[in-house]
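What follows is a short report on a single structure.
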Amino acid sequence: MKKSITIILLSVFTMFQFQSFGQNEPTPKKTLNFFLDCYHCDFDFVRQELKFVLFVRDPKQADVHILSSSSQTGSGGTKYFLNFIGMNKLAEQNIEYEYFSEQSATRDERRKGLLKLIQTGVLHYYSKSGDLGKIEIDLDEKETKTVVESVDDPWNLWIVRMSAGSDFDKEASQNEFSLATEISIEKVTENWKTEIEANHEIDRENFFDDGEKIVNSQTRTNISADYIKSLTPKWSAGVFGDYSSTNYINIKNAFKFDVGAEYNIFPWDVSSRKVFALRYIAGINTYDYNEETIYNKFNETLFYEALGLNLEMVQPWGRVEISLEGRHYFHDFSKNRLKLKSVFSMRLTKQLSVYCELESQVIHDQLYLPKGDTSLEDLLLKRRKLATTYEVEGELGLRFTFGSIYNNVVNERF
């Protein structure tokens with residue numbers, strides 16, 4: 001009898017637990033819900049510092065969608081944009097804040113700067129909803145400086161970066177060594193953009209087999225200079241020069257000079273959220289080859305033109321980046337190349353999102369290919385670029401998330 005009573009009580013308790021599990025999650029008392037769509041933010045840090053703010057995992061449950069984007073600045077830093085998009089009863093109440101992070105800024109400095117923007121936006125919406133009285137605001141002056149200060153910049157906005165590094169790996173039957181150096185000089189203003197870059201790389205691999213030594217040596221050198229002028233809020237023009245040398249594609253010396261124009265359907269001052277730019281470039285290439293090519297050339301001068309399209313969109317539903325470029329040589333229009341690169345991510349439902357990265361090229365302009373057959377060593381060691389009519393690489397995936405939409409709790413023990 002006692003055993004039967006025990007079984008009945010356990011069954012009732014189990015049914016109660018399953019019934020509780022199947023019910024909807026308890027909804028906290030009505031307050032503003034925020035969805036933080038910020039790749040650059042430290043979400044745990046934000047939640048720890050803003051414990052009074054309710055962040056939800058599902059954007060459809062949010063009253064305010066916080067969307068982030070960023071752009072590189074002329075000084076090498078980063079400008080972050082936080083767009084607060086009002087939803088539900090706050091629809092059409094949208095605001096945007098900007099935060100500039102210097103190149104030398106630490107991770108903690110960046111996350112504190114972004115946190116300040118989030119705090120400012122949250123206060124704005126709390127004031128609109130009448131919930132401002134629930135929190136206490138304490139403003140402190142950071143520095144005792146005048147509002148307008150003159151800046152004495154001895155570098156006149158010029159930025160110089162230099163780097164050099166090497167690595168090596170050694171074992172009984174093989175060793176490898178690489179060296180890379182790089183320098184860049186740039187100046188960016190609202191009207192002009194000047195960039196000069198140079199880099200040199202050496203990669204050397206040695207393989208030993210029964211006393212025989214097989215060497216794979218690759219060198220790459222590139223020097224480029226770009227001068228870009230802002231003509232109007234939508235039009236730009238540029239002059240570009242380039243020198244390159246690489247034994248992988250049989251280029252001893254290559255000089256390139258071209259000019260181009262670009263038109264953005266959207267004004268460039270909103271480029272952090274959307275870009276739809278058309279670009280045209282025409283120029284001249286001069287080549288000196290290490291070996292005679294399949295077209296019986298040791299050197300040649302070629303004229304070419306290129307037309308490109310670039311689309312970038314950062315929206316609450318996801319991100320799209322697409323660039324398409326086609327180019328050809330004037331002496332033979334069949335010597336051409338078409339390149340497509342795309343990055344796509346989209347939220348399909350509140351639990352499911354899809355992402356895709358794809359880069360593909362249709363190639364008919366390998367004029368540099370050396371005459372003769374490719375040896376087995378060159379093939380295995382990838383010492384020589386092979387003939388091809390296309391290249392494709394990509395990634396495709398799904399992300400699925402389910403569970404509680406309320407994610408304010410932070411616990412980082414262990």
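Only the coordinates and a few stated rules stand behind these numbers; no lab work does. Bear in mind the structure is a predicted one, so any value in this text is a computation, not a measurement. Cβ placement follows ideal geometry from the backbone for every residue including glycine, while neighbour counts extend to all protein chains displayed.
The table for this structure:
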read-out: J(HN,Hα) series, the range 250-259, from Karplus relation 6.51 cos²θ - 1.76 cosθ + 1.60, nearest Hz, glycine and proline x; value: 6, 9, 7, 8, 9, 10, 9, 9, 8, 10
read-out: Fully extended contour minus Cα-Cα distance, from residue 89 to residue 203, at 0.36 nm per residue; value: 35.0 nm
read-out: FRET efficiency for residue 214 and residue 112, using Cβ-Cβ distance with R0 set to 45 Å, rounded to 0.05; value: 0.25
read-out: Calculated from backbone phi, Karplus (6.51, -1.76, 1.60) coupling profile of the range 224-231 in Hz, x at Gly/Pro; value: 9, 9, 10, 10, 10, 10, 7, 8
read-out: 5 angstrom amide H check on residue 292, placed H, neighbours 5+ away; value: 371
read-out: Inverse of mean 1/r across different Cα pairs in the range 29-133, Kirkwood, Å; value: 14.2
read-out: Additional length obtainable on full extension of the chain from residue 230 to residue 266, 0.36 nm per residue less Cα span; value: 11.6 nm
read-out: Contact order normalised by residue count of the range 29-133, Cα under 8 Å, 6+ apart, percent; value: 21
read-out: Label-point separation, residue 399 to residue 298 (7 Å along Cα→Cβ), nm; value: 5.6
read-out: Amide H partners (placed H, <5 Å) of residue 73, local residues excluded; value: 78, 79
read-out: Cleavage-rule hits, GluC sites (Glu not before Pro), the range 153-229, DSSP coil, Cβ neighbours within 10 Å at most 16; value: 171, 190
read-out: Inter-probe distance in nm under a simple model that places probes 7 Å from Cα toward Cβ, at residue 346 and residue 189; value: 4.4
